[in-house]
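We did not get these values from a lab; they are worked out from the coordinates using the rules stated. Keep in mind that what you see is a predicted model, and the values were worked out from it rather than measured. We place every Cβ from the backbone using ideal geometry, glycine too, and count neighbours over all the protein chains shown.
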Amino acid sequence: MKFAFAIALALPLGAAAHSDKKDDAHIRQTIAQHRTLAAAHEAAARCLEAGKPEKECHAQLARDCKGAGIGKYCGLRHKH
């Protein structure tokens with residue numbers, strides 16, 4: 001009986017360890033995406049500070065975010 005109980009407790013722990021690895025990869029990917037988008041938005045802010053036209057800065061933002069963000073202003077796409 002004790003052995004069966006120990007096995008029953010160990011199974012969810014093994015599943016959690018596998019799930020943690022998958023979650024870690026997802027978290028690393030999300031962090032990288034946030035950094036990519038932050039860099040693109042920072043570049044857009046510097047562009048505007050330099051006095052360049054908003055249309056030009058937004059066009060550069062769209063190019064910098066291609067494939068990383070969504071929408072006209074490069075929003076974050078969460079994939080759960």
- prompt: List, please: which pairs have Cβ atoms under 8 Å, are six or more places apart or on different chains, and start with a residue in segment 26-43 that is surrounded by 11 or more Cβ atoms within 10 Å (Cβ to Cβ) and end with one that is among the charged types (D, E, K, R)?
  reply: Gln33/Arg77; Ala39/Asp64; Ala40/Asp64; Ala43/Asp64
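Against the condition part of a loop (DSSP other than H, G, I, E, B), touching a helix residue (DSSP H, G or I) at 6+ places or on another chain (Cβ under 8 Å) and surrounded by fewer than 16 Cβ atoms within 10 Å (Cβ to Cβ), how does Lys72 come out, does it pass?
Details: part of a loop (DSSP other than H, G, I, E, B): yes; touching a helix residue (DSSP H, G or I) at 6+ places or on another chain (Cβ under 8 Å): yes; surrounded by fewer than 16 Cβ atoms within 10 Å (Cβ to Cβ): yes.
Yes; evaluated as a whole, the condition is true for this residue.
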message: Among the residues of segment 45-59, are any assigned to a helix (DSSP H, G or I), surrounded by fewer than 13 Cβ atoms within 10 Å (Cβ to Cβ) and among the small types (Gly, Ala, Ser)?
response: yes
